[in-house]
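To start, the structure itself, in structure tokens.
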Amino acid sequence: MPPEHQHAPKLLDVVRDKLRLKHYSIRTEDAYVDWIRRFIIFHKNRHPKEMGIPEIEAYLTHLAVKHNVAASTQNQAFSALLFLYRDVLEIELDGRIDAMRAKKPQRLPTVLTPDEVRRVIANLDGVHRLIAQILYGSGLRLLECLRLRVKDLDFARYEITIRQGKGFKDRRTMLPRTLVAPLQTHLDTVRTLYEADLRDGLCNVYLPFALAQKYPTAPREWLWQYVFPAANHSKDQRTGLIRRHHLDESSIQKAVRHAAQQTDIDKHVTCHTFRHSFATHLLENGYDIRTVQELLGHNDVSTTMIYTHVLNRGGLAVRSPLD
């Protein structure tokens, strides 16, 4: 077909291709494409090349004023538009973007006492209980836990390696000794599922960063399988391949919410509450804040410092004269 009759790829398809080239997650890909689509619709379907800083400011202000979005939501929309202009259109935005910013509330994290943690976990069963124990015992985020591969568990050194955590960073944290036996028993069950998939020709786990091309046999190797695989196969959104993904986080979130409701704890308990409790309890036990920062994978110690405000020792860890 002559060049003049070839259709240029649609902008949003180009955005997706660029995001995949830079190894962004499927969640970020979907979110960025959606924000860019909304931005274009908000400005009456004008092409972004015809727009710039004034239009970006107007849209971000609209989100804050008319939709009252959270600061994190507005920041994600802003990041998507910056990606569009800098990485896709290769247009440098000269000047400051002065949109009305959504206010970020200064909230302290919800933290459970050790007894409350035990009571919530006691109301969980099977895989849900094991996942909650890892979240609290190792300080993982929920998706970090669900994305663990068999090779990420080091039973000899009592370590868990978290790969491509927040900010694409790898880190190591402790593997609680009390979880070694339950995890090994769980992996025996997972191995049975894995061997059944091998026999049926359905073993083809997802690998990031085109590793499947570099190591063609890796998707079928035991070490690369998910520690917490889904019960059923599903179609990969990007490739269309049928494969077994990891467990969906919504099932764990529902189980934890239900377990908390069965106790008399008057706190809003989520999966992330276990991570908050992990950090706070380590500090309460006298561990150095830099150590806790490293285990949590925080870029800046100031992020970890928020847990010093929720220690069970009163305001600013000072003993009241009344006591």
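Structure data summary
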| read-out | value |
| --- | --- |
| Linear extension gain, Asp13 paired with Ala70, 0.36 nm per residue minus alpha-carbon span | 17.7 nm |
| Calculated FRET efficiency for the pair Asp87/Thr110, C-beta based, R₀ 41 Å, to 0.05 | 0.65 |
| Highest-MSF residue in the chain out of Asp94, Asp300, Asp200 [GNM, Cα springs under 10 Å] | Asp94 |
| Gyration tensor over alpha-carbon atoms, the chain, equivalent ellipsoid semi-axes in Å | 38, 31, 17 |
| Residues with amide H under 5 Å from that of Glu159, placed H, sequence gap 5 or more | Asp154, Leu175 |
| Dimensionless Rg/Rh of the stretch 53-159 - Kirkwood Rh, Rg from C-alpha atoms | 1.18 |
| GNM flexibility winner over the chain from Asn75, Asn123, Asn45 (Cα, springs under 10 Å) | Asn45 |
| The stretch 222-256 and the stretch 22-101: distance between their alpha carbon centers, rounded to Å | 31 |
| At most 15 other Cβ within 10 Å, DSSP loop - trypsin sites (Lys or Arg not before Pro), the stretch 59-104 | Lys66, Arg96, Arg101, Lys103 |
| Gained length - Tyr215 relative to Asp248, 0.36 nm times residue gap less alpha-carbon distance | 9.2 nm |
| Cα coordinate range in the stretch 247-293, projected on the principal axes (Å, largest first) | 34, 28, 11 |
| Helical mean residue ellipticity (222 nm; -39500 (n - 2.57) per DSSP H run of 4+; nearest 500) of the chain | -13500 deg cm²/dmol |
| For Phe209, Phe83, order by how many other beta-carbon atoms lie within 10 Å, fewest first | Phe209, Phe83 |
| Base-10 log of normalised Debye intensity for the stretch 8-103 (one unit scatterer per alpha-carbon) at q = 0.25 Å⁻¹ | -1.47 |
| 5 angstrom amide H check on Arg149, placed H, neighbours 5+ away | Val227 |
| Order of His47, His186 under a 10 Å beta carbon neighbour criterion, fewest first | His47, His186 |
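Values quoted throughout were computed directly from the atomic coordinates according to the rules given, and no laboratory measurement underlies them. Note that the structure is a prediction, hence the values are computed from the model and not measured. Virtual Cβ from ideal backbone geometry, glycine too; neighbours counted across all protein chains shown.
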